[in-house]
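S.K.: One structure is given below, represented as structure tokens, and several questions about it will come after.
The values are calculated or read from the model by the stated rules, or taken from the named source; none is laboratory data. On a predicted model such as this, the values are computed, not experimentally measured, just so you know. We place every Cβ from the backbone using ideal geometry, glycine too, and count neighbours over all the protein chains shown. The protein model used for the area step is the full one, side chains on, heavy atoms only, and it has no ligands, DNA or RNA in it. Shrake-Rupley method; radii C 1.70, N 1.55, O 1.52, S 1.80 Å.
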Amino acid sequence: MRIRRNTSGLFVIIAAMKYYVWTEGCQMNVADSQRVSSGLENLGYSATAKPEDASVIVLNTCVVRQSAENKAIGRLSSLAPLKKANPNLVINLMGCLVGFRAPDKLRERFPFVDVFSPPSDPGPLLSYLTQDEVRSRLKDETRLRNAWMDEDLPLPAVEHGKLVSAHIPIVLGCSHACTYCIIPYRRGAEQSRPAEDILKEARSLVRQGVREITLLGQIVDRYGLDDPSLPRLSGLLEQLNEIEGLERIRFLTSHPAYMTDDLLKAVAALDKVCPHIEVPIQAGDDEVLVNMKRGYTVEQYRRLVEKLRRIIPGVSIATDIIVGFPGETAEQFQHTYDLLADLKLDVAHLARYSPREGTLSARHMPDDVPAEEKMHRFRLLEELQEKIVAEIHSRYLGQTVPVLFEEKVKSRWRGRTGTNKLVFLESDADLRGQVLPVQITWTGPWSMQSRFPVEDGAGK
Ligand code: SAH
């Protein structure tokens, strides 16, 4: 039981209802889970790290590859005994395992799930929990403090005043239909969110201590293209750049075809927008790109990289690659390898092709690259990229760069450069949320170490 002052100033006694959220998958899911947590806390629930102490359990799931789906199913199945022991427990299955269509098959297979929620939608759970019948079953004496998503978007208590870097989804869903990708089937059609909502959320997050905001979308650079009343991404960035107290703005993931000059110039011109671009190529061979229905050629991607480097000085570029796409020959793979060796990008997120139910590739293209060969190709790119990144990072050695510090891990503060490099700094001071110039003293492929710069002539 807890005592809390309600909005009219009266003290009310409320039962300590606990919730537990498990999140898997992309940044979008992390952001979605945060919303669910905020919504639950708005109803008076508080977080617990132990599912067995919770009255409400949320599983926010990913199915982008078979391995993620297996993990989600495993986790869900492991909840069956908890539900059996406590039939009042509310289990909410959310995210891409559910998708945006009626989850009839899942309902049959997992009858112990109380609520199914599509990705990015805390609504079904929150309306379920506020039904009188459910409230009395849960002996829920809490009061609604204010309506969901009212004025402020409060961060969950554990993150309030602590979270330095937050995500805001700005484009929901995706309408691109790359042949391998299940996301459009689970997240539905592309839909840009109103700019006012995004700005309101950003301001609210900044009031709660957030200093860096990452805008999210499957194809984030298509923001506004589905709705002529909205600004383009460059315009949205301009408006966000005005927010006082906000230090940094990032956005991901971009599609090469929509990276306009206008956007690149905005990134270069706006002081808060970081010189870091996530723009997947997926394969370095034109035929494979056609089979993937990506909508650009290797040459166009190369030119984009050149242009990014020209317009945004010091830009860091991250890409995604899928190895072992159906029909990918050793020679076609070699093209990808050679391209990566040549472009020397800052990050390559690597994945082995995994056929996903319902996608074009799963229906029409046999998954003919053997598992060992996929692994072999994966390892080759991994080794190559490790060398490239170590080399890029070594150029930071001795330089003084601004770092936004996020949290302390043991004795070291963890932060990132504008180019999204992980930097550690040994310090007893409270650096949370501060952007400070530090001198890089050591670099490796995954992180860097730093110290406060020693001023010239200071002698100490
Ligand atoms: N919308 C983004 C990200 C999609 S999911 C984009 O357009 O790139 C993140 C990454 O997972 C993708 O970039 C891709 O590299 C990988 N991925 C997606 N579907 C996959 C599949 N069926 N098998 C293996 N990797 C996949």
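S.K.: Report, as a whole number in µm² per second, the diffusion coefficient that Stokes-Einstein gives for region 231-363 at 10 °C and 1.306 mPa s using the Kirkwood radius over alpha carbon pairs. Spell out each step's value before the answer.
M.R.: Details: Rh = 16.0 Å.
Taking Rh from Cα pairs, D becomes 99 µm²/s.
S.K.: Restricting to region 161-265, what percent of DSSP beta bridges are antiparallel, rounded to 5? Each step should come with its number before you reach the end.
M.R.: Numbers: 2 of 12 bridges.
Restricted to region 161-265, the bridges split so that about 15 percent are antiparallel.
S.K.: Can I ask one more? Show me the ranking of peptides 79-90, 308-319 by mean Cβ neighbours inside 10 Å, starting with the highest. Don't jump to the answer; show the numbers that get you there.
M.R.: On the way: 79-90: 14.0, 308-319: 17.1.
For the peptides 79-90, 308-319, the packing ranking is 308-319, 79-90.
S.K.: Based on DSSP, what percent of beta bridges with both residues in the chain are antiparallel, to the nearest 5?
M.R.: Restricted to the chain, the bridges split so that about 40 percent are antiparallel.
S.K.: Please list 3J(HN,Hα) in residue order for region 279-292, calculated via the Karplus relation 6.51 cos²θ - 1.76 cosθ + 1.60 where θ = phi - 60°; whole Hz, with x for glycine and proline.
M.R.: Each residue of region 279-292 in turn: 9, x, 9, 6, 7, x, 9, 4, 5, 4, 4, 5, 4, 7 Hz.
S.K.: May I ask you to list the GluC sites (Glu not before Pro) in region 211-303 that are in a DSSP loop and have at most 12 other Cβ atoms within 10 Å of their Cβ? Write down the numbers at each step before the final one.
M.R.: Values: sites: 212, 238, 242, 244, 247, 278, 287, 299; in loops: 242, 244, 247.
Of the GluC sites (Glu not before Pro), the ones in loops of region 211-303 whose Cβ has at most 12 other Cβ atoms within 10 Å are 242, 244.
S.K.: Let me ask something else. Note down the accessible area of residue 35, probe 1.4 Å, to the nearest 10 Å².
M.R.: 30
S.K.: By accessible area of protein heavy atoms, probe 1.4 Å, what ranking do 223, 337 get, highest first? Show your work: numbers first, answer last.
M.R.: Working: 223 0, 337 60 Å².
The most accessible residue leads, giving 337, 223.
S.K.: Go ahead and estimate [θ] at 222 nm for the chain from helices alone: -39,500 (n - 2.57) per DSSP H run with n ≥ 4, summed, over the residue count, rounded to 500.
M.R.: -10000 deg cm²/dmol
S.K.: Which whole-number value in Å² is the accessible area per residue of region 265-312, probe 1.4 Å? Spell out each step's value before the answer.
M.R.: Numbers: 2120 Å² over 48 residues.
Per residue, region 265-312 has 44 Å² of solvent-accessible surface.
S.K.: Can I ask one more? For 441, 179, give me the order by solvent-accessible area with a 1.4 Å probe, most accessible first, ignoring ligands, DNA and RNA.
M.R.: Descending order: 441, 179.
S.K.: I want the antiparallel fraction of DSSP beta bridges within region 2-147, as a percent rounded to 5. List each step's numbers first, then the result.
M.R.: Working: 4 of 20 bridges.
Within region 2-147, antiparallel bridges account for around 20 percent of the total.
S.K.: Further, regarding this structure: Please list 3J(HN,Hα) in residue order for region 239-245, calculated via the Karplus relation 6.51 cos²θ - 1.76 cosθ + 1.60 where θ = phi - 60°; whole Hz, with x for glycine and proline.
M.R.: My calculation for region 239-245 gives 5, 5, 4, 7, 5, 5, x Hz in order.
S.K.: If amide hydrogens are placed 1.01 Å from N in the peptide plane, which non-local residues have theirs closer than 5 Å to the one on residue 223?
M.R.: 233
S.K.: Can you run phi through the Karplus equation (6.51, -1.76, 1.60; θ = phi - 60°) for region 98-107 and list ³J(HN,Hα) in whole Hz, with x for Gly and Pro?
M.R.: Calculated HN-Hα couplings, in order: 7, x, 9, 9, 4, x, 4, 5, 5, 4 Hz.
S.K.: Out of residues 5 or more away from residue 278 or on other chains, whose amide H comes under 5 Å of its own, with H placed 1.01 Å from N in the peptide plane?
M.R.: Here the answer is 254, 318, since their amide H atoms fall under 5 Å of that of residue 278.
S.K.: What are the extents of the Cα atoms of the chain along their three principal axes, listed from largest to smallest and rounded to whole Å?
M.R.: 67, 64, 45
S.K.: Starting from the amide H of residue 413, placed 1.01 Å from N in the peptide plane, find each other amide H under 5 Å away whose residue is 5 or more places distant or on another chain.
M.R.: 425, 426, 427
S.K.: Okay, moving on. Percent of accessible area on region 275-392 owned by carbon and sulfur, 1.4 Å probe? Display every interim value, and only then the final one.
M.R.: On the way: 2760 of 5360 Å².
The nonpolar share, carbon plus sulfur, comes to 51 percent.
S.K.: Considering the chain, which cysteines have no disulfide-compatible partner, defined as another cysteine with its Cβ under 4.7 Å away?
M.R.: 26, 62, 96, 174, 274
S.K.: Using a 1.4 Å probe, how large is the accessible area of residue 416, given in Å² and rounded to the nearest 10?
M.R.: The value for residue 416 is about 40 Å².
S.K.: Looking at this model, which pairs from 293/387; 83/162; 307/344; 162/387; 71/293; 344/408 are more than 25 angstrom apart at the alpha-carbon?
M.R.: Listed pairs above 25 Å: 293/387; 83/162; 162/387; 71/293; 344/408.
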